[in-house]
Each structure stands twice: as structure tokens, then as C-alpha cells.
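Structure, as C-alpha cells:
What follows draws every value from the coordinates through simple rules; no lab data is involved. Just so we're clear, the structure is a prediction, and the values are computed from it rather than from any experiment. Heads up, the Cβs are rebuilt from the backbone with ideal geometry, glycines too, and the neighbour counts pull from every protein chain shown.
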Amino acid sequence: MMSLLHAKTRGQSAVLIAVALPFLIAFILMVIEVSERWLEVAMVEDALQQATRSAVQTFDYPALARGTGGMGVATSCVGVTTSSAGECRAVIAIADRLLRTNLTGVRGLDEPITTLADRVRWTVWPNGGTCQYSTGQAQTETTPLICAEVRPQMRGLVGWGNFTPLITAADTLDTTQ
């Protein structure tokens, strides 16, 4: 007498595959979404970091060495945008132009580059200082410093909702030995 529990019939594994396949597909889509979001955020972080780095490196090193400035900024500008830059307008204009260029081709933005760039909060410390971010983190430097912070509106690859990561960047002059 043959037991029903041990009886093998053709097509039994098809039922297991049919049950497991939806979970497997959902898992694969989740992995794709998470990795794409990491990549998209990294691309925006890189664009912002390269903008601050390039802008701070355009300062006049010989003038700074002589103690006559070189940033074109006499006072600090904290948490300003391109439209409210005040005395820091020239420095922030360079950083803003570089950011807009660097954002070209970035995947996942759910808003125009112009809108995103207009919301960036820039901080310029011509003689060094401390940048305070909305997360509570801080960065202190004794040399001229440019910091930036923004929350871009982004979308994932498979459409599981939009997200707004906080992206920060800061850079200072290269030190010479």
C-alpha cells in the first residue's frame, strides 16, 4: 500500500513555484528599488560636494596668504539661498552654477534642476567657522569654508513613492605643506 504523503506525481513543484514566485518578484523589486535610491542619492551628493569643492578652490590663494582676503567676501553668510546671498553672491553664484551643471543627467530627480538649486542653503565662512546642519551635525574648519544643504524631491525606479533625503556637503581650501 502506497502512502499519499510519499506519492510523487508530475507537476508537484509547479505549485511551490506558483506560491513562491510572487514573494521572489517582490523581493527582487525591493532590492532594485533600494539600490537605485542609494545610487540616485549618491549622484546628488556628488553633485553638491563637487560644487562646494570647486567653488572653494576658485578663491585667490595669494591674496589669502597676504591676508587681504581673496574670497571676495568680508563677512559670513549663513543659510542663504542664491536669491538671498547678499555679500556672498559672487561665491554662491559660482557654486550654484557648478551645482546646476553637475545635476544635469542625475537620475531620480522629481523636480526641475532649477527648483532644486534655488532651495539649496549655502553657508560661507571666509575665515573659517562651523557649519550647522539641520540634523544637528556640525563641521568646523579654520580655513575658508563653504557648506550646503538641501532636501531634493526624488523618485525611485519602480514607483514605490517619492522620498526626500537630506544631502549635505562642505569643503575648505586645500592646505599647503
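What the phi angles of the stretch 22-39 give under the Karplus curve with 6.51, -1.76 and 1.60, with θ = phi - 60°, is a coupling list of x, 5, 5, 5, 4, 5, 5, 5, 5, 4, 4, 4, 5, 5, 5, 4, 4, 5 Hz, glycine and proline written as x. Phi-derived couplings, Karplus 6.51 cos²θ - 1.76 cosθ + 1.60 at θ = phi - 60°, listed residue by residue for the stretch 115-123: 4, 5, 4, 5, 8, 4, 9, 9, 10 Hz, with x used for Gly and Pro. Here the Karplus relation 6.51 cos²θ - 1.76 cosθ + 1.60, evaluated at θ = phi - 60°, turns the backbone of the stretch 86-95 into coupling constants of x, 5, 8, 3, 5, 5, 5, 4, 5, 4 Hz, with x for every Gly and Pro.
The distance between label points at residue 158 and residue 30 comes to 0.9 nm (points 7 Å beyond Cα on the Cα→Cβ vector). Have a look at 127, 142, 114 and report the one farthest towards the positive end of the charge dipole of the stretch 73-177, computed about the Cα centre with Cβ charges (Lys/Arg +1, Asp/Glu -1). Comparing the listed Cα positions along the dipole, 114 ranks first.
How far, in nm, would the chain grow between residue 137 and residue 16 when pulled straight, counting 0.36 nm per residue and subtracting the alpha carbon separation? It would help to have the intermediate numbers written out before the result.
On the way: separation 121, 0.36 × 121 = 43.56 nm, distance 4.99 nm.
Going from the current span to full extension adds 38.6 nm.
How would you rank 92, 146, 25, going from fewest to most other Cβ atoms within 10 Å of each one's own Cβ?
Details: 92 27, 146 31, 25 10.
Fewest-to-most Cβ neighbours within 10 Å comes out as 25, 92, 146.
By the count of other C-beta atoms within 10 Å, a proxy for reagent exposure, 30, 154, 43 are ordered fewest to most as 30, 43, 154. Each of 171, 46 was scored by other Cβ atoms within 10 Å of its Cβ. Listed from fewest to most, they are 46, 171.
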